[in-house]
1. Rounded to the nearest 0.05, what FRET efficiency is calculated for R319 and A117 with R0 set to 35 Å and r the Cβ-Cβ distance?
2. Gaussian network model of the chain, Cα springs within a sub-10 Å range: biggest mean-square fluctuation belongs to which of P89, P115, P55?
3. Which value at 222 nm does the chain reach when only helices count, each DSSP H run of 4 or more adding -39,500 (n - 2.57), with the total divided by all residues and rounded to the nearest 500 deg cm²/dmol?
4. How high is the relative contact order of region 83-239, in percent, with contacts defined as C-alpha pairs under 8 Å that are six or more residues apart?
5. Mind pulling the angle between the C-alpha long axis of helix 257-267 and the longest principal axis of the chain? Nearest 10 degrees, somewhere in 0 to 90.
6. Could you tell me how many degrees, from 0 to 90 and to the nearest 10, lie between the Cα long axis of helix 175-186 and the main elongation axis, the longest principal axis, of the Cα atoms of the chain?
7. Just how large is the dipole of region 198-320 about the Cα centre, in debye to the nearest 20, putting +1 at every Lys and Arg Cβ and -1 at every Asp and Glu Cβ?
8. Tell me which of G268, P192, A233 sits at the most positive position along the dipole axis of the chain, charges placed on C-beta atoms (Lys, Arg +1; Asp, Glu -1).
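Quick note: the coordinates plus some simple rules give every number you see, no bench work behind them. Note that the structure is a prediction, hence the values are computed from the model and not measured. Every residue, glycine as well, gets a Cβ built from its backbone with ideal geometry; the counts of neighbours run over all protein chains shown.
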Amino acid sequence: MKICIFGAGAIGGYMGAKLAKAGADVSLVARGPHLAAMRDKGLTLIEEEGSFTVPVTVSDDPRELGHQDYVIITLKAHSVPPVVDQMKPLIGAGTTIVSGVNGVPWWYFHGLEGPLADKQLNSVDPDGAQWRGFGPERVLGCVVYPAAEVAEPGTIRHIEGNRFSLGEPSGQKSERAQKLSQALQDAGLRAPVRPKIRDEIWVKLWGNLSFNPISALTHATLDVLCTDTGTRAVARAMMLEAQEIAEKLGVKFPIDVDKRIDGGAAVGAHRTSMLQDLDAGRPMEIDALVSAVQELGHLTQTPTPTIDTVLALIRLRARTAGLYA
């Protein structure tokens, strides 16, 4: 089984190091100093129980790696459409694309029935670049839970979590899902195969939709924005609007909105990824986390006044920082 991780930053590097240590046939696509360090010294993973370094196959040119059984994409959502053509040398007749990307996935309506069947989402897949370039039939969904960071080029520090939930858009427990699940489990990761992967996507998105833009606008950490009366009310309103959309699409939430916010507060003084990107001058992941929910609101004829307001503010904040087109 050949596995390629495209975008071997913090999460991709964490997964790649665990797979490589377990003896999997894994390769990584990376760039810059991180690529150079992994080539020269291997990939180091720092975990609570210790650290290790493994030699890895790494490249910035997918043509050197050839066709893969699985291509696991761990880029930010907005970074994927421009590199679809670069990934094509990795894709053969039987290749599965594993979408380990935050937010509403571009394949969301594939495999669903009803008037929105195979509807394409412009907010996350402009001009259908992924729909045409990959083909939705290749996709295996993945919800990423671990937190990690690139401590320095070639070194990943694992912070918490080890679960990568997998699921077919159709809900079937397919052979390809089970094979990848076993490979990840053999590497010491949790990889359950879920019959309703969209439900899990929404529970994670629920927090990202609200906590990320509010934190970037206020510079507040999770514990603060989830307990401050004003920002908690804004987050709650956004989440209730999103819940109405999701339920119209058949999603069932296993917890209520206040427990989800309390869960965010319990994380502590965490700076969300959007706030980190703003501070670091990196493009911000606005469309997959917020714009896509607004687009789904339009498709389901669901008013989203709070989401619309926060989206307008975070887009302008990002544009003034030069971090959003």
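1. Efficiency computed from Cβ-Cβ geometry: 0.50.
2. Comparing P89, P115, P55 in a Gaussian network model of the chain, the most mobile one is P115.
3. -12500 deg cm²/dmol
4. 18
5. Computed tilt is about 50 degrees.
6. Roughly 80 degrees, rounded to the nearest 10.
7. 160
8. Value: P192.
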